[in-house]
């Protein structure tokens, strides 16, 4: 099927699985964890109580309530025992505290509220000068009377949205933040969005068909694709790449396979660079990523790196290309924005 399509399927024990298909290919995947799993999920907001700073680690452990802990890093750390609002930044490795931020943000389809980061900003994808000016005026009107230290970002989805929808999102976010900022006991204040809500908020564009059904993903063969993601190897035509997470890092190996042509290494490396962000996204992998490309001359590295950078730009998950090592590996630092697929799957 050409074009974009959203598929949403309820899971037997609760929650949903959501898939984004583009031209018949699986582009993104979200699966709610088992409801019995108490692990804080990315974007959840807590009222937390900090302990004493941990010397040498640049951060402090915070009590999230109900036996849960987080780790807050930063140059300025809060006073011990003084409650504050924190937001879970991403998934943590097994046995480690969840990384949290002391600057929560609230997202809606058309707008993002940024307490502590004042100003009105428009998504760079909005390039029409008249539309940018109109959105700036709409944002200013919506934020009139709000805390001057609270900022607003109007998202790409606001380009074609009505003024009423955008103003409604801004008002709802301000009301929610006002309720969150009230004093109270430590604990969970705002659940992370489920797979269904996040998919509709982040993926849906005007005109995109959405199919919600008990077997929506099964009918499209998505679960077979998910099974394939359990395996390390990904075909690149004659070559392949292998993605293997370890406790310390994600190791990626690029191989030319049966291709013995003079340009085999470059072809495999370019294909791997274009495909890797999608594979990391679908597998929910982040942290340190080390890529062992097929042997190639140094002169070809910039071309491969540009291809990877372009693919990462469209990926949507913060990833920093750190650079090449003396052994010829390329290192990335990627936000752990999601739980690894292996832990998200319930069977």
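Label residue 162 and residue 183 with points 7 Å out from Cα along Cα→Cβ: what is the distance between them in nm?
Here the modelled spin labels are 4.2 nm apart.
Given an 8 Å cut-off on Cα distances and at least 6 residues of separation, report the relative contact order of the range 90-221 as a percent.
About 25 percent, as a whole number.
On C-alpha positions alone, give me the angle between the axis of helix 163-181 and the longest principal axis of the chain, in degrees, nearest 10.
70
Taking the Cα centre of each part, how many Å lie between the range 13-57 and the range 141-171?
Centre-to-centre distance over Cα atoms comes out at 26 Å.
How much length is gained on full extension from residue 128 to residue 279, taking 0.36 nm per residue of separation minus their Cα-Cα distance?
Working: separation 151, 0.36 × 151 = 54.36 nm, distance 3.34 nm.
That pair, residue 128 and residue 279, stretches by 51.0 nm at full extension.
Expected output is a single nm value to one decimal: the length gained when fully extending between residue 82 and residue 121, i.e. 0.36 nm times separation in residues minus the C-alpha distance. What is it? Kindly include the intermediate steps, with their values, before the conclusion.
Details: separation 39, 0.36 × 39 = 14.04 nm, distance 3.15 nm.
Gain on extension, residue 82 to residue 121, equals 10.9 nm.
Cut-off 14 Å, label point 7 angstrom out along Cα-to-Cβ of residue 210: give me the residues of the range 102-133 whose amide nitrogen falls inside.
109-110
Express the relative contact order of the range 1-89 as a whole percentage, based on alpha carbon pairs under 8 Å and six or more residues apart in sequence.
This gives 22 percent for the range 1-89.
Calculate the FRET efficiency for residue 327 and residue 231 from the Cβ-Cβ distance with a Förster distance of 25 Å, rounded to the nearest 0.05. All intermediate terms of the calculation are to be shown ahead of the outcome.
On the way: r = 26 Å, r/R0 = 1.05.
About 0.45, to the nearest 0.05.
I want to make sure I understand the PRE zone here: with the label point 7 angstrom from the Cα of residue 263 toward its beta carbon, which residues in the range 300-327 have backbone N atoms less than 19 Å away?
Only 300-308 fall inside the zone, counting backbone N under 19 Å.
Which of (i) 22.8, 71; (ii) 21.8, 67; (iii) 19.2, 62 is the computed Rg and Dmax of the Cα atoms in Å for the structure on display?
Answer by label: (ii).
Treat the count of other C-beta atoms within 10 Å as a stand-in for reagent exposure and order 335, 76 from fewest to most.
76, 335
Would you mind calculating the relative contact order of the chain from Cα pairs under 8 angstrom and at least 6 residues apart, reporting the percent as a whole number?
17 percent.
Taking R0 as 25 Å, what's the FRET efficiency between residue 314 and residue 247 from their Cβ-Cβ distance, rounded to 0.05?
So, using R0 = 25 Å, E works out to roughly 0.25.
Throughout, read-outs are computed from the coordinates displayed, never taken from laboratory work. Note that the coordinates shown come from a computational prediction; the quantities given were computed from them, not determined experimentally. All Cβ positions, even for glycine, are placed from backbone atoms using ideal geometry, and neighbour counts span all protein chains on display.
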